[in-house]
Amino acid sequence: MDINPRTLAMDEDQVLAKINDNTRAVFLTHAQGFNGLSDRLVSELEKRGVPLIEDVCESHGATHKGKKLGSIGLASNFSFYFAHHMSTIEGGMVCTNDEAFYNAILALRSHGMTREIQNDEIRQKWIDENPELSPDFIFAYPAINTRNTEIGAVLGRSALPRLDANNALRTRNFTLLIKNLDPNIYFTDFVLEGSSNYAFNLILKEKDPALRDRLEKKMRDEGVEFRRGSAGGGNQVRQPYVRPYIRENEWLEYPEVEHIHYYGYYVGNYPSMSEEQVLELCKVLNSI
Ligand SMILES: Cc1ncc(COP(=O)(O)O)c(C=O)c1O
């Protein structure tokens with residue numbers, strides 16, 4: 001489905017319209033630090049008994065009505081890969097308050113092995129149901145090994161105390177950028193409440209390939225590193241790995257995502273950037 005351009009998350013009307021008897025869960029990505037939730041979406045999902053899974057990889061520290069994203073749905077995932085708000089070089093985490101989900105995830109991160117399960121009752125049930133197997137080697141799920149290491153943990157724990165202060169600086173920078181970008185050139189009407197952006201979003205208003213070329217040239221000339229299509233390669237249904245599963249020209253059914261695919265960018269928003277540097281960046285971007 002398409003996105004809401006003000007939050008870059010899935011459009012809630014389209015999410016609710018697509019839910020049917022086969023829907024097992026809604027997996028919503030909070031893109032680029034924006035809060036993708038509304039009270040209406042959360043309460044409708046609750047009412048319909050559809051679990052929400054929040055992808056918070058790009059939005060550490062962001063909130064919905066003062067509540068941290070990732071603490072609202074059944075479960076959530078975060079990335080600590082080094083392009084994100086905090087890093088363990090590689091790695092991430094899954095959060096949940098659900099006992100059964102938690103124990104399934106413990107097994108899933110370790111080849112699907114049930115001996116990782118910490119709830120004695122659940123672990124014992126697997127053992128009792130599989131008397132022909134060694135209790136130490138019951139593989140419940142097809143899975144891979146995604147356990148992190150002590151080294152990653154040390155890095156993460158030392159980065160964690162700085163996270164809130166860094167997020168505050170990034171929010172200051174992002175707000176300054178949005179205020180100073182030329183609204184005739186760039187889309188600036190984002191929902192900023194609760195956001196925690198690690199990247200500056202640049203979305204050209206017009207579908208103007210010549211302007212886009214000028215912007216890219218300008219950024220290259222000025223040494224401004226950027227990613228076109230915003231995060232992760234733009235419209236995913238255009239990516240080769242998805243193409244075998246989609247309708248012909250299906251990407252045209254998602255005009256907002258298509259716009260970002262061709263005219264959306266992101267540039268790193270580092271806590272070390274000063275206000276002067278942000279204003280200098282705006283000057284460069286507005287001069288195209
Ligand atoms: C929204 C989102 N989900 C998932 C991931 C994957 O995270 P990782 O690189 O830690 O596997 C990313 C990575 O950038 C992301 O931006």
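Just so you know, all these numbers are worked out from the coordinates, no wet-lab data involved. All figures in this text were calculated on a predicted structure; none of them were measured in a lab. In this analysis, Cβ positions are derived from the backbone assuming ideal geometry, glycine residues included, and neighbour counts consider all displayed protein chains.
Indicate the helices, whole DSSP H runs only, in the chain that combine a mean Kyte-Doolittle hydropathy of -0.5 or more with a Cα extent along their long axis of 30 angstrom or more.
Result, helices passing both filters: 150-180.
Tell me, in nm to one decimal, what length is gained between S158 and Q14 on full extension, where the rule is 0.36 nm per residue of separation less the Cα-Cα distance?
47.8 nm
Rounded to the nearest 20 debye, what is the charge dipole size of the chain about its Cα centre when +1 sits on each Lys and Arg Cβ and -1 on each Asp and Glu Cβ?
It works out to roughly 600 debye.
Which whole-number percent of Cα pairs in region 12-151 have a distance greater than 26 Å?
Counting pairs separated by more than 26 Å, the tail of P(r) holds 37 percent.
Could you tell me the number of lysine pairs in region 12-151 with C-alpha atoms less than 24 Å from each other, where the two lysines are 8 or more residues apart or belong to different chains?
Lysine pairs, 8 or more places apart or on different chains, close enough: 4.
Among residues other than N249 whose Cβ falls under 15 Å from its Cβ, what is the net charge (Lys/Arg +1, Asp/Glu -1)?
Net local charge, N249 excluded: -2.
Considering only DSSP beta bridges with both partners in the chain, what is the antiparallel share in %, to the nearest 5?
So the antiparallel bridges amount to about 70 percent of the total.
Please report how far the C-alpha centroid of region 1-54 lies from that of region 186-202, rounded to the nearest whole angstrom.
Cα centroid to Cα centroid, the span is 19 Å.
In debye, nearest 20, what is the charge dipole magnitude of region 163-286 about its Cα centre with +1 on Lys and Arg Cβ and -1 on Asp and Glu Cβ, if you could check?
240
Based only on other Cβ atoms within 10 Å, what is the fewest-to-most ordering of T146, T188?
The order, fewest Cβ neighbours first, is T146, T188.
For K179 and Q277, calculate 0.36 nm times their separation in residues minus their Cα-Cα distance, and state this gained length in nm to one decimal.
So the chain would gain 33.8 nm between K179 and Q277.
What longest region of the chain stays clear of GluC sites (Glu not before Pro) that DSSP places outside H, G, I, E and B and that have at most 16 other Cβ atoms within 10 Å?
Between the exposed loop sites, the longest stretch runs 1-89.
What number do you get for region 175-282 when its Cα radius of gyration is normalised by 2.2 N^0.38 Å, N = residues?
1.16
What percent of all Cα-Cα pairs in the chain falls in each 5 Å bin, counting up from 0?
The calculated distribution, bin by bin, is 1, 5, 10, 13, 15, 15, 14, 11, 7, 4, 2, 1, 1, 0, 0.
What size of dipole, in debye to the nearest 20, comes out for region 12-151 about its Cα centre when the only charges are +1 on Lys and Arg C-beta atoms and -1 on Asp and Glu C-beta atoms?
Rounded to the nearest 20 debye, it is 360 debye.
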